Amino acid sequence: MHIGSRPGPDLVTLRLFKSIVEESSLTRAAEREHMAVSAVSRRIADLESRLGVALLHRHGRGVQPTVAGQVLAQRANIVFEVLDRTFDELATLNSPGRSAIHVHAHASAITGFLPPVLASFTQQNPDVELLIGEGGNADILRAIQAGAIDIGILAGQVQDVGVDLMAGRRDRLVAVLPVGHRLAGSSHGLRLADLVHEHFIGLAADIAVQERLRQQARALGVALRERASVGSLDGVIRLVQAGLGIAVLPRASLGHQSERVDMCALVESWADRSISICVRDAGSLPAAVKSLVDHLIADQESGGQTQGRGATLPAASAPVLPASSDLRAIEFHLG
């Protein structure tokens, strides 16, 4: 459908549909958008008729997006991110000398190394406004490609999708155990085979780690005993502390939480993963964005991590630079 030939959805309807998908309910979306349920239902029916495709599956417990609805919801997120960024940039025009940088990061970066790095940047650059969001790799990559954000921080392997990967640090998955757990004192590290008989507590925001664990468990011929999947790192730690299970998390995501539990590194190669910075085009970064990228790279060179209970981190090695000036594959290694 081309907007020039057929009218597309207005922004009010698009935001309403976004709310419906996020709430999985017409009623809750109506409350959130301060509209009558009948008006919400009528708008969505009109939208489906206009597009010629079903957008929602209705069932007794609420609604779920169809495949077409998922596509529309993803694009709607990008539309509103672009609009928010546009309004933020327009607002900076009233403040001479100020710049705004949109940074979205994976959960393991947000809960780990990133906050103090960004805080030090804002202290050194008081005229730069940082606008920070959290998301999964796929959402961040889409936002980078669409120009909705300036910098993305990704975790794990990233396919070549036309963005520039400007830097990466290494992180390792660790077993998070209740204090005094029988496996906590292992001096040679652990393998998943040592853990598969335990109950697992998962962090819902880090789907990639959970799927990696399931794959490795299947390779061992077993299924993970998944007891819970919770929305916050603090919730994971509390359940582990209570002895309800163990967790496998990126070491970088734990921060000060590591003082509340015991940890032991997973020594298998699949437990090593990268944390990368991505931008849309490394060759045309605005000055403020380039300054933040340089700041992030400098932190990676120094390996600025605090040590936690039961786990150690190696010192940072020198950066490995490509022969050319192309920044697409610069990578920094920790260990």
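Assorted remarks:
- For segment 171-181, the set of residues classified as under 16 Å from residue 200 (Cβ atoms) and not aliphatic (A, V, I, L, M) consists of 178, 181, listed by residue number.
- Members of segment 178-202 found to be among the aliphatic types (A, V, I, L, M) and either without any contact (Cβ under 8 Å) to a residue 40 or more places away in the chain or out of contact with any helix residue (DSSP H, G or I) (no Cβ under 7 Å at 6 or more places or on another chain) (or both), listed by number: 179, 184, 190, 193, 195, 196
- Hits in segment 151-193 - residues which are closer than 22 Å to residue 111 by Cβ and surrounded by fewer than 16 Cβ atoms within 10 Å (Cβ to Cβ): 157, 179
- Among the criteria (1) in a strand (DSSP E or B); (2) of a type in the set (Asp, Glu); (3) without any contact (Cβ under 8 Å) to a residue 60 or more places away in the chain, the one residue 234 does not fulfil is (1).
- Residue list for segment 22-32, filter: closer than 16 Å to residue 11 by Cα and surrounded by fewer than 17 Cβ atoms within 10 Å (Cβ to Cβ): 32
- Checking each residue in segment 109-138 for being of a type in the set (A, V, I, L, M), surrounded by fewer than 16 Cβ atoms within 10 Å (Cβ to Cβ) and outside any strand (DSSP E or B) picks out 119, 138.
- Single match in 237, 151, 132, 140 (criterion: more than 30 Å from residue 290 (Cβ to Cβ) and β-branched (Val, Ile, Thr)): 237
- Segment 199-216: number of residues that are more than 20 Å from the chain's Cα centre (by Cα) and crowded, with 18+ Cβ neighbours inside 10 Å: 2
- For segment 246-275, filtered to residues that are assigned to a strand (DSSP E or B), surrounded by 24 or more Cβ atoms within 10 Å (Cβ to Cβ) and under 15 Å from the mean Cα position of the chain (by Cα), the residue that is modelled with the highest pLDDT is 249.
- Reported count of residues in segment 35-69, each being part of a helix (DSSP H, G or I) and either exposed (fewer than 13 other Cβ atoms within 10 Å of the Cβ) or in contact (Cβ under 8 Å) with a residue 12 or more places away in the chain (or both), is 16.
The values are calculated or read from the model by the stated rules, or taken from the named source; none is laboratory data. Keep in mind it's a predicted model, so treat the numbers as computed, not measured. Using ideal geometry, Cβ is built from the backbone for each residue, glycine included, and neighbour counts are taken over all protein chains shown.
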